[in-house]
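K.L.:
Please see the structure below; I have some questions.
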Amino acid sequence: MNDFDFSGQVAIVTGAGLGLGRCHALALAERGARVVVNDLADADGNTTNADAVVAEISAAGGEAVANGANVADAAQVQLMVEDTLARWGRVDVLINNAGILRDKSFAKMSLEDVQAVIAVHLMGSVHCTQAVWEPMREQGYGRILMTSSASGLYGNFGQTNYSAAKMAVVGMMNTLAAEGAKYNIRVNALAPTAGTRMTEGLLPDKVFELMKPEAVAPAALFLCGRNAPTKTILGAGAGSYAVTRIVETAGRWLPETEQTPEGIAAHWAEISDGAGATELGGAFDQSLKYVRQAAAALGVSLDF
């Protein structure tokens, strides 16, 4: 079977009324998935943008339903997942895409600006992932995609709140990939850059035109495929794709007499040398690495 044939699968895409989420939803539906098109309802409960996407999917012969749950509200999210299970019996794919911006320099940023962004990006991902986690465990299959950002991975002026939330979902991915492995739940992160409602006006017109959101959807589908990797950060934008890796330098063990700020400064070139940098499989791998370096330097025999 084609890894990217989603026939028989059910996908939930949050923030899917416009932009990247819309492209993800359309691409999944085109390949056979039944899609829950989630987009925040207005004050009157209308889901105008989500309805429009559902209409596009239906017109193309697909199957989709609109949902107006606020991802920052755990109860609304739980109801969305319960409704999905009642309608279609399973959830195979979750794309945590919903997001907002409250850009300001940190000196001018209010606590409300921080809380609002974290509520949607981080807690929204927590709520949605937690709601689908047990159904995915029970069925022995799941593909979960976090939406990170270069702003979180590398920083971006005026986006402290957004950057913090976008790096936090990478931490979620790292741990959930380990916890989900035995249940065939694979968890990845997408770091997209695209010309969308969120970035309109921030980019020159020529750049905006190159950064079509449709070019990001293939990366999302790749990370949600049957043979998808897990614990992977995939960047996508303007037709280019790249993997971001978190690595640690080989480092240098220091004797007790040099375990001082001065000792670190004296050996900084070796400590920070990236030539021997490697990816670590988990937090314990870092501890084990340091203990082994210390044991080797001190002549201590380890039994593991």
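K.L.:
For the stretch 20-69, enumerate the residues that are among the charged types (D, E, K, R) and open to solvent by 30 Å² or more (accessible area, probe 1.4 Å).
P.N.:
Result: Arg22, Glu30, Arg31, Arg34, Asp42, Asp44, Asp51, Glu56, Glu63.
K.L.:
Just wondering, is there one or more residues in the stretch 273-283 that are part of a helix (DSSP H, G or I), of a type in the set (Gly, Ala, Ser), modelled with pLDDT of 95 or more and open to solvent by 60 Å² or more (accessible area, probe 1.4 Å)?
P.N.:
yes
K.L.:
Among the helices (runs of 4 or more DSSP H) lying completely within the stretch 111-229, list those that include at least 2 residues that are over 28 Å from Phe4 (Cβ atoms), open to solvent by 50 Å² or more (accessible area, probe 1.4 Å) and at pLDDT below 95.
P.N.:
205-210
K.L.:
Determine whether the stretch 171-184 contains at least one residue that is among the aromatic types (Phe, Trp, Tyr) and in contact with a Ser or Thr (Cβ under 7 Å, 6 or more places away or on another chain).
P.N.:
no
K.L.:
Being open to solvent by 30 Å² or more (accessible area, probe 1.4 Å), of a type outside the set (Ser, Thr, Tyr), more than 30 Å from Glu82 (Cα to Cα) and in contact with a Gly (Cβ under 7 Å, 6 or more places away or on another chain) is true for just one of Lys108, Lys104. Which residue is that?
P.N.:
Selected residue: Lys104, the only one of Lys108, Lys104 that is open to solvent by 30 Å² or more (accessible area, probe 1.4 Å), of a type outside the set (Ser, Thr, Tyr), more than 30 Å from Glu82 (Cα to Cα) and in contact with a Gly (Cβ under 7 Å, 6 or more places away or on another chain).
K.L.:
State whether one or more residues within the stretch 52-62 are in contact (Cβ under 8 Å) with a residue 40 or more places away in the chain, among the aliphatic types (A, V, I, L, M) and within 30 Å of Gly140 (Cβ to Cβ).
P.N.:
No, the stretch 52-62 contains no residue that is in contact (Cβ under 8 Å) with a residue 40 or more places away in the chain, among the aliphatic types (A, V, I, L, M) and within 30 Å of Gly140 (Cβ to Cβ).
K.L.:
Now for a different question. Limited to the stretch 161-191, what total is found for residues that are under 22 Å from Gly237 (Cβ atoms) and β-branched (Val, Ile, Thr)?
P.N.:
Looking only at that region, the number is 3.
The values are calculated or read from the model by the stated rules, or taken from the named source; none is laboratory data. The shown structure was predicted, so the numbers you read here are calculated from the model rather than taken from an experiment. Cβ sites come from the backbone with ideal geometry, for glycine too, and all protein chains shown count toward neighbours. Just so you know, the surface numbers come from the protein's heavy atoms only, side chains and all, with ligands and any DNA or RNA stripped out. Shrake-Rupley method; radii C 1.70, N 1.55, O 1.52, S 1.80 Å.
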